[in-house]
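See below for the structure under consideration.
The values are calculated or read from the model by the stated rules, or taken from the named source; none is laboratory data. Everything numeric in this text was worked out from a predicted model, so none of it was measured. In this analysis, Cβ positions are derived from the backbone assuming ideal geometry, glycine residues included, and neighbour counts consider all displayed protein chains. Only protein heavy atoms, including side chains, enter the accessible area calculation; ligands, DNA and RNA are left aside. Shrake-Rupley method; radii C 1.70, N 1.55, O 1.52, S 1.80 Å.
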Amino acid sequence: MKVSENWLREWVNPPLNGQQLASILTMAGLEVDAISPVAGLFEKVIVAQIINTMRHPQADKLSLCDVDIGMGQPLKIVCGALNARAGLKVALAQIGAILPGGLVIKQARLRGELSQGMLCSLTELGLSDNSEGIIELDDDAPIGVDLREYLFLNDQVMDIDLTPNRADCLSILGVAREVSALTDTPLNIMPSVSIKPELDEKKAIHLKAPAACPHYQGRIIQKINSQAKTPLWMRERLRRSGIRSIHPVVDVTNYVMLELGQPLHAFDLNKVKGDIVVRYGSENESLELLDGQTVSLRDNVLVIADSQQPLAIAGVMGGKASAVDEHSTNVFLESAYFDPPTIAGVARRYGLCTDSSQRFERGVDPKLQEAALERATALIIDITGGRVGPISRMLDSAFSPPSVTIKFNPLKVKQLTGLDISEASMLQMLENLGLSVAKAEPLWEVQVPSYRFDLRLDVDLIEEIIRLYGYDKIPGDKMVATVSAGSINPIESFSVQIAHFFAARGYHETISYSFVDPELQEALYPETPALKLLNPISSELSRMRVGLLPGLIASMIYNTHRQQTVIKCFEQGVIFELNHRKIEEHPCLGGLLSGDYGAMNWSESTRKFDFYDLKGDLQALFASLQLNTITFEAAEHLALHPGKSAKIMIGNQHAGCCGVLHPRIADALDLQEEVILFELKLSTLLSKSKPHYQPISKFPQIRRDLSLLVNDNISVAQLEHVVRQIVKPEWLKSFDIFDVYTGETIPKGKKSLAVALTLQDDNRTLVDNEINQLISAIITKLEDNFAITLRD
């Protein structure tokens, strides 16, 4: 909220300078982010009037102007502005004037003609970022007066960052109430206005959604001057509030919104067919908005319509078809109260953010509509003229916000805050805020004004008292309490453990956005629905992630483009699964390998990372976590290479997947090397059993090697499963494959596997006889199940 200090001081004028005023507001919870001057630094710029103009004899784009500055003798000025004309009141920088940027105006000759000053534009005086032509001042501007004084440019704008609950301060009046209460300075109440109707014509209003819009009123204004211009003083105030001037009627609605906090809207009466209807939209309706975009309406979007079609999205933005423009002579001016939950989210759903929606979705004073309508009517009549009709009103009191009375115990202030504030002071503070207090014992009855819709409970009143008392006056006492250690979320501590593990193995942790590129995610998870963001940062970040792979791949591409030849990264984060329109969040772990193994190392040869490098890291992770029931099973994944991918099982639970990125995706991303990835759900890695100490056996280990000829389609995991069924778990210390061979001596469709079995009993020495029997049983079982052949 941008607030002009001069405008604010018309309502309340405490004996404080701008910095002190900003400090008081900030300490009361209305944080002032910045204080900026409303114009650039300049001097010796005055109001002047062009008497006559003629074309420069040596330059077609320049004019020679005689300019009256109220000193009798007119000045000769050379000007290049197209809008320079006789009778125009302008801003003249005199000889010796200093303009923003340090420009000093001197008498000069331009193409042989004398120029005794400079006619200025808004841009040249630091009043606007862009402008067309020189400043056009009002006809009643006094000649010779300093421009800074005439336009009240010795002013500054406070940029106030309001919290969502303080929508009552989204106006000059709201901020003035705060300043009045904080400084105990009287508030200058604007006298009420009531415009006497000159017409009998009025629009019928139908409230078909009274719960969403319990108050609606409006009036017709006919025969306005379509050529009228918004006065400079109003344009200046709008500019200082960050709103550009559009049209006198539109400017008045914006001005009243800034002044009182009530958004208004004006329709071109000639474009409205029949009665005004406040209703919900339908699925087959669309509306072209003022910003040019056409939106499809829904059955939960409140609209203002006529008898034929929607005219505006209620509380958000009007339609282009019914907008007031330079040809409008008859208007219908509306003022309404909309239920905040009805408006909330509608603007973001359509990618809009308007001053109107910002106020309506946070709350507007439900008793302000008629006063704002009368104020706007008076301003329109003053600027454009016209004839006014009676106010059409529709009010459904059953859905109007009820008045709020709070039972307040003044003793509770000290109980909750420890501050000893007198009852007289508390009473004064509440009354300064506009609250009506009926003192009784032991409870006070506090009537809350309609514009303070954030006050509902007695603790809200305590907060207001402390706020006015001053947060900086609260003493910093030492806390006397019993402090106990808190608990750490298991997933959080587990995540730290995993991060240390991967960092120790040379991986770098990445942190990416939870929203990702929809095209990349669709390629990696084509069958997984993803939540679409209503208001994304950009179109490339418009979906919530359903996995960690998009972020890892994006990080890899970024680093590869910067000449990194070894990519080892991992990420931990939450993914968002859309399950029957409900969002489920799951903490996950993902990782990626790509590039050269052993690069820039003289002691070993360089090769590319492969699937087994990643699998080895994962097996080491599982071993460190004491997870012993891990299996890697060949399985297809739509994002992974069909012959180089596996699903990871922990017992009978699917924990995740790993494998090489699918060639189709790699080609689309223009990747030249294999990318190996994995993804795991963290919850599946939490071990349910605690490790127990096992004494080291004092008895010798015995190793037996088996050379087996098996079919190509038999996996080592299948062989290991059979072996572990036969050998006692406490005997088999390890099962290792130390050779895999296929070649000329091996039949087609077969492979040779060399298996090492390490056996040991913790209580005695194993003898050859029982070991030979065990090996025989293993060979027999493998022959029966897989038709293996024992090689010599």
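Restricting region 715-764 to residues that are among the acidic types (Asp, Glu) and in contact (Cβ under 8 Å) with a residue 12 or more places away in the chain leaves a set whose member that is nearest to ASN785 (Cα to Cα) is GLU720.
Each row is one residue, and each column tells you yes or no for (1) modelled with pLDDT under 95; (2) more than 25 Å from ASN154 (Cα to Cα); (3) assigned to a strand (DSSP E or B); (4) of a type in the set (Phe, Trp, Tyr).
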residue	(1), (2), (3), (4)
LEU16	yes, no, no, no
SER36	yes, no, yes, no
GLY40	yes, no, no, no
ARG55	yes, yes, yes, no
LYS61	yes, yes, yes, no
GLY70	yes, no, no, no
GLN73	yes, yes, no, no
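On the basis of being in contact with a helix residue (DSSP H, G or I) (Cβ under 9 Å, 6 or more places away or on another chain) and not in a strand (DSSP E or B), does ILE778 make the cut? So ILE778 fits the description; yes.
Taken residue by residue, region 758-768 has no member that is assigned to a helix (DSSP H, G or I) and open to solvent by less than 20 Å² (accessible area, probe 1.4 Å). Checked against the criterion of being open to solvent by less than 80 Å² (accessible area, probe 1.4 Å), closer than 24 Å to SER683 by Cβ, in a strand (DSSP E or B) and at pLDDT 95 or above, region 533-552 contains not a single residue that satisfies it. From the list ALA639, ALA655, ALA668, ALA646, the lone residue that is exposed (fewer than 15 other Cβ atoms within 10 Å of the Cβ) and not aromatic (Phe, Trp, Tyr) is ALA668. Can we say PHE494 is of a type in the set (Phe, Trp, Tyr) and in contact with a helix residue (DSSP H, G or I) (Cβ under 6 Å, 6 or more places away or on another chain)? No. A single entry from ALA91, ALA59, ALA81, ALA28 fulfils the requirement of being free of Cβ contacts under 8 Å to residues at least 60 places away in the same chain, open to solvent by less than 50 Å² (accessible area, probe 1.4 Å) and in contact with a Lys or Arg (Cβ under 6 Å, 6 or more places away or on another chain): ALA59.
Counting only strands (runs of 3 or more DSSP E) that sit completely within region 122-227, those holding 3 or more residues that are in contact with a strand residue (DSSP E or B) (Cβ under 8 Å, 6 or more places away or on another chain) and closer than 30 Å to THR329 by Cα correspond to 205-207, 215-222. Of everything listed in (1) assigned to a helix (DSSP H, G or I); (2) open to solvent by less than 50 Å² (accessible area, probe 1.4 Å); (3) not aliphatic (A, V, I, L, M), the single unmet condition for ARG724 is (2).
Conditions (1) buried (at least 19 other Cβ atoms within 10 Å of the Cβ); (2) free of Cβ contacts under 8 Å to residues at least 40 places away in the same chain; (3) not aliphatic (A, V, I, L, M), marked per residue:
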{"position": "ALA176", "(1), (2), (3)": "yes, no, no"}
{"position": "LEU182", "(1), (2), (3)": "yes, no, no"}
{"position": "THR185", "(1), (2), (3)": "no, no, yes"}
{"position": "VAL193", "(1), (2), (3)": "no, no, no"}
{"position": "GLU201", "(1), (2), (3)": "no, no, yes"}
{"position": "LYS208", "(1), (2), (3)": "no, no, yes"}
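Just one of the listed residues (SER296, SER286, SER282) is farther than 23 Å from GLN222 by Cα, among the hydroxyl-bearing types (Ser, Thr, Tyr) and out of contact with any strand residue (DSSP E or B) (no Cβ under 6 Å at 6 or more places or on another chain), and it is SER282.
Is at least one residue of region 498-510 touching a Phe, Trp or Tyr at 6+ places or on another chain (Cβ under 9 Å), part of a loop (DSSP other than H, G, I, E, B) and either more than 30 Å from LYS367 (Cβ to Cβ) or at pLDDT below 90 (or both)? Yes, that holds for at least one residue.
One residue stands out among those in region 36-82 that are of a type in the set (Asp, Glu) and over 51 Å from the mean Cα position of the chain (by Cα): the one that is farthest from TYR150 (Cα to Cα), which is ASP60.
Total residues in region 553-575 satisfying the condition of being open to solvent by 30 Å² or more (accessible area, probe 1.4 Å) and either in contact with a Pro (Cβ under 8 Å, 6 or more places away or on another chain) or not small (Gly, Ala, Ser) (or both): the figure is 13.
Of the numbered criteria (1) more than 27 Å from GLY616 (Cα to Cα); (2) under 60 Å from the mean Cα position of the chain (by Cα); (3) of a type in the set (A, V, I, L, M, F, W, C), the one LEU766 fails is (2).
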